[in-house]
Amino acid sequence: MIKNACLFMLVAGAMACTDTKEKSVTAGAAPASFSTEGKKVITYTTADSSDYRLSLTDTLAFADKGQPFENEITVFVDPGKTFQTYFGTGAALTDASAETFYKLPKDKQAEFLAAYFDKGKGIGYNVARTNINSCDFSSDMYTYVQDGDKDLKTFNIEHDKKYKIPFIKEAMKAAGGQLNLFASPWSPPAWMKENNDMLHGGKLKADYYSSWALYYTKFIKEYEKEGVPVWGISVQNEPMATQRWESCIYTAEEERDFLKNHLGPTMQKEGLQDKKIIVWDHNRDLIYQRAQTYFNDPEAAKYAWGIGFHWYEDWSGGQPMYENIKRVYEAYPDKNILFTEGCAEAFKTSRLKEWVLGEEYGRSMINDFNNGMVGFTDWNILLDETGGPNHVQNFCFAPVHGDTKTGELIYTNAYYYIGHFSKFIQPGAKRITSSPSRSQLLSTAFLNPDGTITVVVMNQGSRARFSLWINGKAAAADILGHSINTYLIK
């Protein structure tokens, strides 16, 4: 069972079901002045050295409070300043996740689906990603065509019908019938590439640009025949990384030209112009140069819904490049910025209970939302007790692991940290200003379509008292050390 039963008892109806259609990501006009009159602050907590896991812990009230004193800790929230529109939160439904899922007992499968996708009992995921052809988190290497079939006459997705497609359909059902699913390729078939290898980087041969563009449309149409709607695609997973697993290299100019001359027009020609296309799909470090190259070209930009990013640029011990997201948001406010992948790497069973796993997610999500991100897509939604399966032994952490030997589910702290955002921020919400007075606290806030406000506060230090301040009114809050709280104002 999940560590704390409070997760499955969180106030039903606290979140209204909302329309998930895209809205403008630009800063919006200020709403009518928000009043705290008659409103309560419902508090949910996940904390280290405690049993609190997304637990309902307190209900606070507002009282008059003018200028705070210099030595007070305050989180200032301004509902009158609105920014990007929240799209959603989810994770990748990979081959590895699907295979692990079907090795679990039926009751654990049901628990897993409710924990992630149920809006009342779970954390309400509404976004998903999957792989086109194999990736490192597949048990084998595969494509959907026979070697040399430039016209794609042999295209079929039989491989995915065994585990991945049934798994995605189960997730869709648990999410209420709809998921915003996007698909990403790690590599074209080997015979389409200059290195004749799906692994180790390499580039797509110019002779196969048109065939490869058509490949995406075949994938979308075949999935939709199986009852799996595809919301969008990304052009290439990590186009600047030569990996020992499936990978393919594009410079910014090469990806731009493939998009505007082949992929975009082919999607239009095949009647898929409503599908969203995400560019880059790699780290924050180079994101501005890539964004500039795509979006300064009107013929490429018209096909791009937005730009995706990962968090692995700090692999060498540096700091995450959060400000680079803000630079893109400032320069191209009409384009969406979506986190498309991230996880804790170098899996070790001994680290499953480490608190830092959750804090990495909380820190990243708060900073990236505050810099213009519209949504968050975690990497594998589920992995086994080894951090796999993975055909190149690139084992990693997932928020939830399924022990295929014992049949148990293992919830890491990352699951709960992500839930503090995904459960309480509604699709269509507008980010609003949230500003802590001490660096010990990180915060972000959203004005939901139903008029409620979600404030997420993460405490990186010891236990603290602070005031949640809105327009001259404040609620006195207590936050445990190394914790994350969601304050739902309703």
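The values are calculated or read from the model by the stated rules, or taken from the named source; none is laboratory data. Not measured: the values here are computed from a predicted model. Note that each Cβ is placed from the backbone with ideal geometry, even for glycine, and that neighbours are counted across all protein chains shown.
Summed over region 276-291, the residues that are in a loop (DSSP other than H, G, I, E, B) and surrounded by 20 or more Cβ atoms within 10 Å (Cβ to Cβ) give a count of 1. Being crowded, with 16+ Cβ neighbours inside 10 Å, over 21 Å from the mean Cα position of the chain (by Cα) and under 29 Å from Asp285 (Cα atoms) is a property that holds for Leu199. Looking only at residues of region 161-193 that are among the hydroxyl-bearing types (Ser, Thr, Tyr) and more than 23 Å from Gly375 (Cβ to Cβ), we find that the one that is surrounded by the fewest Cβ atoms within 10 Å (Cβ to Cβ) is Tyr163. Pairing each residue of region 163-180 that is in contact (Cβ under 8 Å) with a residue 60 or more places away in the chain with any residue that is among the acidic types (Asp, Glu), provided the two are 6+ apart or on different chains, yields C-beta distances under 7 Å for Tyr163/Asp95; Tyr163/Glu99; Lys164/Asp95; Ile165/Glu226; Ala174/Asp118. Would it be correct to say that Lys119 is assigned by TED's automatic domain parsing to the domain that holds Leu199 and at pLDDT below 95? Yes. Filtering Thr100, Thr82 for residues that are in contact with a Leu (Cβ under 7 Å, 6 or more places away or on another chain) and surrounded by fewer than 24 Cβ atoms within 10 Å (Cβ to Cβ) leaves a single hit, Thr82. Cβ-Cβ contacts under 7 Å between residues 6 or more apart (or on different chains), taken from a first residue in region 50-72 that is acidic (Asp, Glu) to a second residue that is modelled with pLDDT of 95 or more, are listed as Asp58/Thr43; Asp64/Gly472; Asp64/Lys473; Glu72/Ser467. When each of Thr404, Thr340, Thr349 is tested for being out of contact with any Leu (no Cβ under 9 Å at 6 or more places or on another chain), more than 30 Å from Phe295 (Cα to Cα) and polar (S, T, N, Q), the lone residue that passes is Thr349. Scan region 196-248 residue by residue and report those that are over 21 Å from Ala304 (Cα atoms), part of a loop (DSSP other than H, G, I, E, B), touching a helix residue (DSSP H, G or I) at 6+ places or on another chain (Cβ under 8 Å) and not hydrophobic (A, V, I, L, M, F, W, C). Passing the criteria: Asn196, Asp197, Lys203, Lys205, Glu226, Gly227. Annotation note: Cβ proximity below 6 Å between a residue of region 297-323 that is in the same structural domain as Asn367 (by TED's automatic domain parsing) and of a type in the set (Ser, Thr, Tyr) and a residue that is in a strand (DSSP E or B) and crowded, with 19+ Cβ neighbours inside 10 Å (sequence gap 6+ or interchain) occurs for Tyr303/Ile277; Tyr312/Asn283.
One residue stands out among those in region 249-275 that are of a type in the set (S, T, N, Q) and in a loop (DSSP other than H, G, I, E, B): the one that is farthest from Asn195 (Cα to Cα), which is Gln273.
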